[in-house]
Amino acid sequence: MTTSSPQDKVNYKIIFILTMVHFTGDFYSSFFTPLLPAFMDKLGLTLAQVGLITGLVRFLSFIVQPVVGYMADRHETRGFVFAGLFLAFFCIPFSGLAPNFTLLLLVLCLGSIGSSMFHPSTTGMIPLYSGNRTGFCLSIYNTGGTLSFALGPVFITWYTAKYGLEAMPHTLILGFVAFMFCVKYLPVPVSENLSHLGFIGSMKESFGKVYKPIILIWVVMVLRAVTGQSFMTFMPIFLANKGYELTSVGLIFALFIMGGTLSGLLAGYMADRTGFKKIFFLSFILMPPTLLLYLYLPGDWVYFSSFLAGFTVLASLPLGVVMAQKLAPKSRAMVSSLMMGFAYGLGGAISPLVGKLADIYGLETILFYSAFIPLLCLLFIVKFPVE
């Protein structure tokens with residue numbers, strides 16, 4: 001069903017519900033990264049295996065999100081959201097009971113599939129309820145994810161330090177409560193009903209005239225994800241090797257995400273007023289120096305530098321989605337999945353290679369060079385369309 005253009009007034013009630021879905025699913029998805037040092041100790045994992053876990057989890061996002069996004073643009077159902085949310089909050093807590101690498105990989109992958117399923121539908125619904133404040137509302141929605149990735153690590157590192165990894169399944173109660181709330185209040189997604197065109201026809205209808213800028217934005221989002229995922233995956237291990245306690249690692253990781261939570265809101269607010277291209281330039285120019293500070297500042301300075309690095313790395317995450325949705329409004333769910341799951345997943349799928357290189361050349365060396373990848377993105381950002 002094709003809808004009329006969104007009203008100017010923002011429906012904050014629906015934006016809140018969609019944000020809560022995002023928060024709940026990503027809250028559980030945030031558990032495994034800060035616990036990687038604990039999983040390494042318990043199961044004797046190598047850095048290459050850690051990279052494989054992260055890479056496969058992200059790769060599933062890379063595969064599942066575009067497929068679900070394509071389906072969500074053609075079928076008006078809440079099933080994708082409910083199935084995805086259930087897998088995320090039910091499977092991931094059982095990682096604490098995994099007796100070996102294989103089962104750990106299995107439950108985390110099932111949780112990743114779930115996380116990938118609810119993102120396209122909910123992200124694609126934002127423009128329908130955001131009026132003329134799509135950038136800001138998508139930043140609010142994105143804040144649900146980034147805030148959960150900030151609070152989740154603090155919660156789960158505290159929880160496992162107090163009760164142990166084996167007690168993790170008890171945490172699914174939180175997800176069940178949120179799930180039942182969403183069952184009651186989540187609206188049915190609205191599709192553009194392009195199924196009669198078939199796959200090729202619908203792709204031409206949605207992307208035929210705008211595929212070049214879509215590709216440019218996607219490449220930038222992939223490269224941003226490579227840098228962001230490298231630091232988010234391996235900095236906790238790097239810090240643990242330097243002697244930081246697991247709870248401290250969780251707090252440092254949370255500050256990284258909190259920085260991104262604040263910058264995402266600020267970037268969305270400013271982009272609605274000054275244009276997206278300027279904000280992209282600023283954030284990508286600032287990424288390398290802030291990441292190097294995160295890597296090298298000693299002692300307690302790591303808390304400040306972590307926040308600063310997250311502020312620059314995650315600022316542009318909602319902006320790429322909004323730009324793509326504006327370019328391809330008839331395929332909101334799929335284009336959102338391309339900028340989030342497909343780009344994020346492909347960037348994270350590089351993690352096994354990063355882990356292998358870290359085993360060979362040292363983790364600090366690989367993170368150092370990863371910090372300069374955002375400078376390559378400036379060559380693509382300069383060709384972005386002017387809003």
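Please treat every number below as a calculation from the coordinates, not as lab data. Note that the structure is predicted; figures quoted are calculated from it, not measured. Backbone-built Cβ (ideal geometry, glycine too); neighbour counts: all protein chains shown.
The helix-only estimate of mean residue ellipticity at 222 nm for the chain, built from DSSP H runs of length n ≥ 4 each weighted as -39500 (n - 2.57), is -25500 deg cm²/dmol after division by the residue total. An ellipsoid equivalent to the chain, defined through the eigenvalues of its Cα gyration tensor, has semi-axes of 32, 24, 19 Å when rounded to whole angstrom and sorted largest first.
Exposure proxy for TRP218, TRP158: other Cβ atoms within 10 Å of each Cβ, ordered fewest to most, give TRP158, TRP218.
Positive end of the dipole of the range 264-387 (Cβ unit charges, origin at the Cα centre): among MET334, GLY355, ILE366, the Cα lying farthest that way belongs to MET334.
Rounded to the nearest 10 degrees, the inclination of helix 198-207 to the longest alpha-carbon principal axis of the chain is 90 degrees.
Largest GNM mean-square fluctuation across LEU357, LEU317, LEU265, computed for the chain with C-alpha springs under 10 Å, falls on LEU357. Beyond 22 Å, the tail of the calculated P(r) for the range 72-179 holds 40 percent of the Cα pairs. Over the chain, Cα pairs under 8 Å with separation of 6+ residues give a relative contact order of 30 percent. Shown in residue order for the range 257-266 are the 3J(HN,Hα) couplings computed by the Karplus curve 6.51 cos²θ - 1.76 cosθ + 1.60 at θ = phi - 60°: 6, 4, x, x, 4, 5, 5, x, 5, 5 Hz (x for Gly and Pro).
Is there a pair in LYS242/LYS356; LYS278/LYS326; LYS212/LYS356 whose C-alpha atoms are over 25 Å apart, and which pairs would that be?
LYS212/LYS356
Backbone amide hydrogens, once placed in the peptide plane, bring GLY131 within less than 5 Å of GLN7, ASN11, excluding anything fewer than 5 places away on its chain. When +1 charges are put on Lys and Arg Cβ atoms and -1 charges on Asp and Glu Cβ atoms, the dipole computed for the chain relative to its Cα centre reaches about 860 debye. With N counted as the residues of the range 266-316, its alpha-carbon radius of gyration over 2.2 N^0.38 Å works out to 1.26. Put in order of Cβ neighbour count within 10 Å, fewest first, the listed residues HIS75, HIS22 become HIS75, HIS22. The string of couplings for the range 268-285 from the Karplus curve (6.51, -1.76, 1.60, θ = phi - 60°) is x, 5, 6, 5, 5, 10, 10, x, 6, 4, 4, 5, 4, 4, 4, 5, 6, 5 Hz, one whole number per residue in order, with x for Gly and Pro. Taking the number of Cβ atoms within 10 Å of each Cβ as an exposure proxy, the fewest-first ranking of SER30, SER305 is SER305, SER30.
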